[in-house]
Amino acid sequence: MRLSLSVFSATLLLSACTSARDHRLDADTAAYRIINDAQQQLTPNENESFTLERPSNVLRKKLLTEQGLLISGPASLGSEAVPQPKHWPDEQYPSSTEQRQIINESLRTDAPLNITLIDALQIAARNSHRYQSAKEDVFTSALALDLTRHNFGVLWNAENQTTLTANSTSGTHNDTLNNTTTLSASRSFTTGSSAGLAMDSNILRLLNSDGTSSIGLGIDGSISIPLLRGSGTHIAGEPLTLTERKMTYALLEFERFKREFAVSIVSGYLNALRTDDRVRNATDNAQRIQDASKRARALADAGRLPNIQVGLARQEELQSRDRLQSAIAQRDNTLDRFKITLGLPTDAHIVLDTDELQNMTSSVQPATTEDKNTEENTEKKANRQTESEITKHKESTYIQQAFQHRYDLYIAHAQVEDAQRAAIVAADNLRGELTLGASSSFSADYVLRDSSGNTTDNDFRSNRALHLAFLTIDLPLERTAERNSWRRSLIHVESRVRAAQALEDEIKLDIRTGLRALNQAQTSALIQEESLLLAQNRVESTQLFLQAGRSQVRDMLEAEQALIEARNALTSARVDERIAQLALQRDMGILSVHNNGLWDELSEKESPTVTPLHIGASH
């Protein structure tokens, strides 16, 4: 009895001392342990541990504060800046601890922020809303697995109830104090069996001078073992198996997301640089057209050019200025959209590193007079490149690589197995129920003071023991709902099979389309290099012919327009080639992206293989 009261008191004290913050930290510990264990099995080369909470001084907040940008409310600066409402249960969440980001050490945000491509990848991993949501999906899956595992463990429960009763009968007034304490433990096993143990204590006292006082103690134990319906690890343990697999799926989907997200960041970065390059080309073109217009006016004043040619040059000058303004607007809009992709304010002052683009578009020397038959050489070179690329990029090899490394395809096939196991469980529900059970209960009472007010020797006045064994049979006479569930489970299996087939076809399409895009971009880049050489040569020749009076202003203007188009086309081809390379590696599943946003580009020979799922077998 005293042991029961001591255990209950200790449990009550422990529960009272466990704060909301302690529960949050316990949940974090359990979830991170599950995630990191799964991550070590699936991505052993990952060098950065998974973490959900972002540093309080993320770049978005630094830009808003240090650049003095507009905000709509406290939430703009992060959850730690939002005032805590009344009765907020965890004063230390969100934490205000300033965790430094490595990337921020070298970035000054009080002036226009210069961002390289590597910076952009790391910034996005810490500031992007999409990236944070993807991590939260993994975390919630880990919490679900923790709860399922907990439900298959020992579940404790402690209750205490104190009742004060006032009773008046025929002039007699009795006050009774009754205290009941219950401590119980139960466990469900993956075999379908369950067991429980409960201990009850009851203290009764009449609150008059000679009232009876007594203490009662009861112990109950039970066990249930299903023999037909609901028996076996493959049936009763299926919720745990499925939750473990869903946790693995969540982590694999996160790895897939990181690859797609990294490619989208690179694509957004290069597209922003492409529009910036078009602004530079448009600026140069506008200046060249302006200079040409001045030369045309000078020639007209000298009587060497008709005024109609001057008007044509002036008109093209105005159009070049309009094209420049259009290019500036497109650049600014593209950069703003890219800021949102990074998770940064759209009005933040950032500058992208143009070296990334210059590395892809190396300078091309102007064509010389010795380059004869240029068009013929260009066509032959393009044909040779196309043939070599078709030979190099063997379609079947790349598709096989994708089949081996695509996490989403692995999940699709694993979900076929999940649907099959669900069908097995649905078929088990069609069976009859045959459950073997047993229970035992013990109770004892002893009186501290009898009805005469005399104290006792505290010996037990009565005791009782009851033992039961039972066999429950439920014949499968009514199974309409179970029958329909069984049939639906078979349909679900077929649906999962079709989904795997559809994804397989989509992967083949991704690889075939990606190869075509890469071949086209590579061929286009070679062609545009030659086209730029021709355009540069054409502008130089036209200027000489115009000065010699052998050509018109229209010829010069058309040559200048062809030059800017060639420059833009070459930049676009190089950008498209780079994006196509990364997209193909993404679609093949060989682009390895770390939690910090950085990636490793691997060839098919260097690419790691997907770790097979070995889950659900431990129980």
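When you scan region 530-551, do you find a residue that is assigned to a helix (DSSP H, G or I), of a type in the set (D, E, K, R) and over 48 Å from the mean Cα position of the chain (by Cα), even just one?
yes
Residues that are touching a helix residue (DSSP H, G or I) at 6+ places or on another chain (Cβ under 9 Å), crowded, with 16+ Cβ neighbours inside 10 Å, at pLDDT below 90 and in a strand (DSSP E or B): does region 186-199 have at least one?
no
From the list A142, A124, A158, pick out the single residue that is of a type in the set (A, V, I, L, M, F, W, C) and modelled with pLDDT of 95 or more.
The unique qualifying residue is A142.
Do we have A75 as in contact (Cβ under 8 Å) with a residue 60 or more places away in the chain, among the aliphatic types (A, V, I, L, M) and in contact with a helix residue (DSSP H, G or I) (Cβ under 9 Å, 6 or more places away or on another chain) here?
no
Got at least one residue in region 468-486 being among the hydrophobic types (A, V, I, L, M, F, W, C) and more than 30 Å from G432 (Cβ to Cβ)?
no
Can you work out which of the residues in region 441-477 that are surrounded by 12 or more Cβ atoms within 10 Å (Cβ to Cβ) and either among the β-branched types (V, I, T) or not in a strand (DSSP E or B) (or both) is modelled with the lowest pLDDT?
T456
Please work out which residue is surrounded by the fewest Cβ atoms within 10 Å (Cβ to Cβ), limiting yourself to region 148-162 and to residues that are part of a helix (DSSP H, G or I) and of a type outside the set (K, R).
Taking the candidates together, the pick is H150.
Name the pairs whose Cβ atoms lie under 9 Å apart, with the first residue in region 279-303 and more than 22 Å from E565 (Cβ to Cβ) and modelled with pLDDT of 80 or more, the second among the acidic types (D, E) and not in a helix (DSSP H, G or I), and 6 or more positions between them or separate chains?
As it stands, the answer is none, since no pair meets every condition given.
For every residue, the table says whether it meets (1) at pLDDT below 90; (2) farther than 29 Å from T513 by Cβ; (3) touching a strand residue (DSSP E or B) at 6+ places or on another chain (Cβ under 9 Å).
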site	(1), (2), (3)
L344	no, yes, yes
T378	yes, no, no
Q404	no, no, no
A414	no, no, no
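How many residues are modelled with pLDDT of 85 or more, more than 15 Å from D90 (Cβ to Cβ) and in contact with a helix residue (DSSP H, G or I) (Cβ under 8 Å, 6 or more places away or on another chain) when one looks only at region 2-45?
Matching residues across region 2-45 total 7.
Among the residues of region 309-318, are any surrounded by 14 or more Cβ atoms within 10 Å (Cβ to Cβ) and either of a type in the set (F, W, Y) or not in a helix (DSSP H, G or I) (or both)?
no
Which residue pairs have Cβ atoms under 6 Å apart, sit 6 or more places apart or on different chains, and have a first residue in region 429-444 that is aliphatic (A, V, I, L, M) and a second that is in a strand (DSSP E or B)?
L434/I473; L436/I225; L436/L471; A438/I223; A438/A469; A444/L217; A444/F460; A444/N463
Being of a type in the set (G, A, S) and either assigned to a helix (DSSP H, G or I) or touching a helix residue (DSSP H, G or I) at 6+ places or on another chain (Cβ under 6 Å) (or both), is that true of even one residue in region 237-250?
Within region 237-250, one or more residues are of a type in the set (G, A, S) and either assigned to a helix (DSSP H, G or I) or touching a helix residue (DSSP H, G or I) at 6+ places or on another chain (Cβ under 6 Å) (or both).
Hey, does region 508-529 have a residue that's over 30 Å from L273 (Cβ atoms), at pLDDT 90 or above and surrounded by fewer than 18 Cβ atoms within 10 Å (Cβ to Cβ)?
Yes: region 508-529 contains one or more residues that are over 30 Å from L273 (Cβ atoms), at pLDDT 90 or above and surrounded by fewer than 18 Cβ atoms within 10 Å (Cβ to Cβ).
Inside region 295-308, can you point out the residues that are assigned to a helix (DSSP H, G or I) and either surrounded by 14 or more Cβ atoms within 10 Å (Cβ to Cβ) or of a type in the set (A, V, I, L, M) (or both)?
R295, A296, R297, A298, L299, A300, I308, listed by residue number.
Look through E494, E504 and report the one residue that is loosely packed, with under 14 Cβ neighbours inside 10 Å, under 32 Å from the mean Cα position of the chain (by Cα) and assigned to a helix (DSSP H, G or I).
The unique qualifying residue is E494.
Sort through R538, R578 and tell me the only one that's of a type in the set (K, R), without any contact (Cβ under 8 Å) to a residue 40 or more places away in the chain and out of contact with any Lys or Arg (no Cβ under 6 Å at 6 or more places or on another chain).
Going through R538, R578 in turn, the sole match is R538.
Each row is one residue, and each column tells you yes or no for (1) out of contact with any Lys or Arg (no Cβ under 8 Å at 6 or more places or on another chain); (2) in contact (Cβ under 8 Å) with a residue 40 or more places away in the chain; (3) under 30 Å from R187 (Cα atoms).
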{"residue": "S213", "(1), (2), (3)": "no, yes, no"}
{"residue": "S222", "(1), (2), (3)": "yes, yes, yes"}
{"residue": "S231", "(1), (2), (3)": "yes, yes, yes"}
{"residue": "L240", "(1), (2), (3)": "no, yes, yes"}
{"residue": "M247", "(1), (2), (3)": "yes, yes, yes"}
{"residue": "F254", "(1), (2), (3)": "no, yes, no"}
{"residue": "E260", "(1), (2), (3)": "no, yes, no"}
{"residue": "V263", "(1), (2), (3)": "no, yes, no"}
{"residue": "S267", "(1), (2), (3)": "yes, yes, no"}
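The values are calculated or read from the model by the stated rules, or taken from the named source; none is laboratory data. This is a predicted model, so every value here is computed, not measured. Cβ coordinates were reconstructed from backbone atoms using ideal geometry, including for glycine residues, and neighbour counts include every protein chain displayed.
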